[in-house]
Amino acid sequence: MAKRTLTEMTYERAKENAAKNSETIKRLEENGVLFINAASCYVESSVKIGKGTVVEQNVMLQGETEIGENCVIGMGCKLVNTKVGSGSELLSVVSVDAELGCDVLAGPFAYIRPGSKISDNVKVGDFVEVKNAVIDEGTKIAHLTYVGDSDVGKNVNFGCGTVTVNYDGKNKHRCKIGDDCFIGCNTNLVAPVTVGDGAYTAAGSTITDEVPEKALAIARARQVNKTGWKDKRD
């Protein structure tokens, strides 16, 4: 008997996976899930999806992923071992070993890494990365921000370009941000650091010390204009 080639075995396995994928999607459709383009999606048999949820094209759902009812899992999402609450909308999101609450808006192009717990009514916008962080209800992380190893309170607003500086080259440290804080654009929060409830940070600040409740922290040099500098340089 002729030995099967690697190509033949790969093709055979691909056919088996395609058949299982079709069976899984058919079962989910019968339970009230709408696939916009089922042929472009890959859904493992362990995945659970609530009725009324819409899955768009080019979506990959793996492992123990659980998605609630009436969600939109938009184009280009990849969810691995991720729980998503009802009413959430995700677009081009990669999420691994994470939990998202109800009515969460995430993406496009958000990366939610292991250990992240995102509560209800949170926004995780475009080019935002969250890692091993707890984000409480109503917080908005709109764009171009990294929140790692942090505990974030309710109704916090992150300005564009904020970074939690969690790694000192040897150890990871956590940031703690209270409720109702406003984190100005391009703020660096150098962990371990605490920002008290209702506090503000000025745009462009590098915060290394505790910020008291309802305080405004400004940590940047004053602007100095050198008049005629260009002419002297030339």
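The table below lists the values:
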read-out: Elements of type strands (runs of 3 or more DSSP E) contained in segment 153-234, each with 1 or more residues being free of Cβ contacts under 8 Å to residues at least 60 places away in the same chain and more than 20 Å from G138 (Cα to Cα); value: 163-165, 188-190, 193-195
read-out: Count of segment 68-96 residues which are closer than 17 Å to Y111 by Cα, among the hydrophobic types (A, V, I, L, M, F, W, C) and crowded, with 23+ Cβ neighbours inside 10 Å; value: 6
read-out: L28 vs. criteria out of contact with any Pro (no Cβ under 6 Å at 6 or more places or on another chain) and under 17 Å from A110 (Cβ atoms); value: no
read-out: Qualifying residue in segment 27-43 (condition: in contact with a helix residue (DSSP H, G or I) (Cβ under 6 Å, 6 or more places away or on another chain) and assigned to a loop (DSSP other than H, G, I, E, B)); value: no
read-out: Qualifying residue in segment 101-110 (condition: surrounded by 19 or more Cβ atoms within 10 Å (Cβ to Cβ), modelled with pLDDT of 95 or more and either hydroxyl-bearing (S, T, Y) or closer than 20 Å to V211 by Cα (or both)); value: no
read-out: Filter pass, T139 being in contact with a strand residue (DSSP E or B) (Cβ under 9 Å, 6 or more places away or on another chain) and crowded, with 18+ Cβ neighbours inside 10 Å; value: yes
read-out: All positions within segment 156-185 that are crowded, with 18+ Cβ neighbours inside 10 Å and among the polar types (S, T, N, Q); value: T162, T164, N166
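This table checks each residue for (1) modelled with pLDDT of 95 or more; (2) of a type in the set (K, R); (3) not assigned by TED's automatic domain parsing to the domain that holds G148.
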residue: K176; (1), (2), (3): yes, yes, no
residue: D179; (1), (2), (3): yes, no, no
residue: G184; (1), (2), (3): yes, no, no
residue: N188; (1), (2), (3): yes, no, no
residue: T194; (1), (2), (3): yes, no, no
residue: A202; (1), (2), (3): yes, no, no
residue: D209; (1), (2), (3): yes, no, no
residue: K214; (1), (2), (3): yes, yes, no
residue: R233; (1), (2), (3): no, yes, yes
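The values are calculated or read from the model by the stated rules, or taken from the named source; none is laboratory data. What you are looking at is a predicted structure, and each value in this text was computed from that prediction instead of being measured. Cβ: placed from backbone, ideal geometry, glycine included. Neighbour counts: every protein chain shown.
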